[in-house]
Amino acid sequence: MAKGHRKEKEPVKAAADSKAAGDGSAPKMTRKEYESELRVLQGELVAMQEWVKSSGAKICVVFEGRDTAGKGGTIQRITERVSPRVFRVVALPAPNEREKSQMYIQRYVTHLPSAGEVVIFDRSWYNRAGVERVMGFCTPEETDRFLEQTPDLEKAMVESGIILLKYWLEVSQEEQTRRLESRINDRRKIWKLSDMDLQGYSRWYDYSRARDAMFAATDTAWAPWWIANTDDKKRGRLNIISHLLSRIPYEPLEVRDIELPERQHPGGYEESNLPLRYIPTPF
């Protein structure tokens, strides 16, 4: 990462260390502060994007975590200022009958990045270690087999040249309750509330056990888990993006002098009188 970026982002890193330590000392971040920090980080994501394109790098980012921990919002902030032709988000639905008959990892492998791509998994093959295990969608033997085989699979990914980053977003019980109640009471958010969320809410400790087993089996030197506390959404997003940037060996974006060219002369063009349909303008 560019040295200048590291220097600028030191306050965010300090906040991340504070939250990780669990001392709760970080003050609440204002919207203005958050937007200012996010603007810098999104500029760095653009620089990373250009390096990925020019170098042919292959980057795979996995987001897992508690329900309501903020995976979708974090992914949105990562991708909202970059090209969808470079950054691709994968959020697979439940498998169909054909996919159920395949090797479990098969439908995920087809989405792994090619040269010049950043692929972000909004939940991933780790469904088998989490929701499928807790909700009984797979057998204990299938979960054990998955946990045994996944480190070797991820080692093969890394050895093929993929930069693999795995993030677990953690939220407290109290904050999860607050966010779910917010979804219930806000019609803009009700679509986020699924029956699975409600069932999962009542199984907090089953998910905790599944998470711990997943960490024990798949937190490896070549593909470690990185944990982010996201009770504070603003700081959580900034800390995750800052960390992601720190793990990618991209170069600073070269600043070019760009001037707009002169527009062509109308050459006799006149606005047409076609009966065009314009949208209403109630605002």
Please name whichever of G161, L180, G116 sits farthest to the positive end of the charge dipole of the chain, dipole taken about the Cα centre and charges placed at Cβ: Lys and Arg +1, Asp and Glu -1. L180
Using a simple spin-label model with points 7 Å from Cα along the Cα→Cβ vector, what separation in nm is obtained for R31 and Y205? 4.1
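Using a simple charge model, +1 on the beta-carbon of Lys and Arg, -1 on the beta-carbon of Asp and Glu, nothing else, what dipole does the chain show about its Cα centre, in debye to the nearest 20?
I would put it at about 500 debye.
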Rounded to the nearest 0.05, what FRET efficiency do Q264 and S101 give with R0 = 45 Å and r taken as the Cβ-Cβ distance? Could you check? 0.15
Between 0 and 90°, nearest 10: helix 10-21 axis offset from the chain longest Cα axis: 20
Can you give the relative contact order of the stretch 156-230 as a percent, counting alpha carbon pairs under 8 Å and 6+ residues apart? 56
Mind giving me the FRET efficiency for V46 and W226? R0 is 25 Å, r the Cβ-Cβ distance, nearest 0.05 is fine. 0.65
Using alpha carbon coordinates only, what is the Rg to Rh ratio of the chain, with Rh defined as the Kirkwood radius? 1.04
Between the stretch 147-204 and the stretch 28-89, the Cα center-to-center distance that results, in Å: 17
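If packing is taken as the average number of other Cβ atoms within 10 Å across a peptide's residues, how do 61-68, 188-195, 269-276 rank, most packed first?
Values: 61-68: 23.1, 188-195: 11.4, 269-276: 6.1.
So the order, starting with the most tightly packed, is 61-68, 188-195, 269-276.
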Going by the alpha-carbon gyration tensor, a ≥ b ≥ c the square roots of its eigenvalues, is the stretch 166-259 rounded (a/c under 1.5) or, if a/c is not under 1.5, prolate (a/b greater than b/c) versus oblate? oblate
Run the numbers on the stretch 3-246 and let me know its relative contact order in percent, using alpha-carbon pairs under 8 Å that are six or more apart. 31
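Bear in mind these aren't lab numbers, they're just calculated from the coordinates by the rules spelled out. On a predicted model such as this, the values are computed, not experimentally measured, just so you know. For neighbour counting, all protein chains shown are included, and Cβ atoms are generated from backbone atoms with ideal geometry for every residue, glycine included.
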